[in-house]
Amino acid sequence: MATWILVPCLAQLRTELNRLAPNRDKSSDGTIGDTAHRSRVSDHNDDEIGRVPIRDADSKHEVHAIDLDINLREPNLTMEMVVRHVVARCRSGAEKRLRYVIYNRRIWEGSNGWRQRAYSGDNPHTQHAHFSASYETRLEASTASWRLEDIPVALTEADKKWLAAQIDKAATTAAERVWKTRWNINFEPGSAPYMAEAGSIMAHVPGEHARAEAALTEIDGKVDKLLPGEPSGQM
């Protein structure tokens, strides 16, 4: 049998998911099709010798589909979130390398404007998500990022502690700066100045409000990236 490869764009998707969920279950992962797949038209077949829906322009033996196990073993990340992210990018036009996605009895197709509809195939795809790639050479070969790191996840307790520490650090640094500017007092970094007095002094120190606001804006930006967006009722 000819040696085949998974098209690079899907290999990149798998690599990014592995990086995001390094301990994920891979028992339901799949690429090249089995005997049942070879008996019918499928993106899981070798595109040079198998039954596939499209013949691409190159002569490489490639597989244009991948199945990825739903168990990501990450407390704040699910395959539902991954699918939603990928489909949203496809729908917006930011991502053009897929033809369709199947997951949990639903299918989203580029030919249907990436609208969700029920999937009634023999395999309900409840154990893995299926991604079928384009057969266009430049798209199937693209290893550009799928931006999985942009998936919004819920804050863990560790995240909350980190944010609290960052806010406390920014407030203390601003107070120290004001205190030293007004009174030229030297004290141990990280100690707690008299905050009420520092706040009063801040009003009279040029530029201190702007610096404090800039620090808080930066923290707000980090929080916005970590917090999940509003759930969508329709994919």
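When the stretch 29-51 is filtered for residues that are in contact (Cβ under 8 Å) with a residue 40 or more places away in the chain and either in contact with a helix residue (DSSP H, G or I) (Cβ under 7 Å, 6 or more places away or on another chain) or open to solvent by less than 30 Å² (accessible area, probe 1.4 Å) (or both), the ones remaining, listed by number, are G30, D43, D46, D47. If you filter the stretch 21-61 down to residues that are touching a Leu at 6+ places or on another chain (Cβ under 7 Å) and more than 15 Å from H125 (Cα to Cα), you find that the one that is modelled with the highest pLDDT is R24. Can you confirm whether S120 is without any contact (Cβ under 8 Å) to a residue 24 or more places away in the chain and outside any helix (DSSP H, G or I)? Yes: the conditions hold for S120.
Here's a check for you: in the stretch 2-28, which residue that is small (G, A, S) and open to solvent by less than 50 Å² (accessible area, probe 1.4 Å) is nearest to the chain's Cα centre (by Cα)? Taking the candidates together, the pick is A21.
Of all residues in the stretch 109-141, those that are more than 21 Å from G93 (Cα to Cα), modelled with pLDDT of 95 or more, open to solvent by 70 Å² or more (accessible area, probe 1.4 Å) and not small (G, A, S) total 1. Residue pairs whose Cβ atoms lie under 7 Å apart, separated by 6 or more positions or on different chains, with the first residue in the stretch 63-78 and without any contact (Cβ under 8 Å) to a residue 12 or more places away in the chain and the second among the hydroxyl-bearing types (S, T, Y) and outside any strand (DSSP E or B), do not occur.
Among the conditions (1) of a type in the set (K, R); (2) under 27 Å from R73 (Cα atoms); (3) modelled with pLDDT of 90 or more, R99 misses just one, which is (2). For the stretch 56-108, a tally of residues being under 22 Å from I151 (Cβ atoms), surrounded by 16 or more Cβ atoms within 10 Å (Cβ to Cβ) and of a type in the set (D, E) returns 3.
The values are calculated or read from the model by the stated rules, or taken from the named source; none is laboratory data. Small disclaimer: the values here were computed from a predicted structure and weren't measured. All Cβ positions, even for glycine, are placed from backbone atoms using ideal geometry, and neighbour counts span all protein chains on display. Accessible surface is based on the protein model in full, side chains and every heavy atom, while ligands, DNA and RNA are left aside. Shrake-Rupley method; radii C 1.70, N 1.55, O 1.52, S 1.80 Å.
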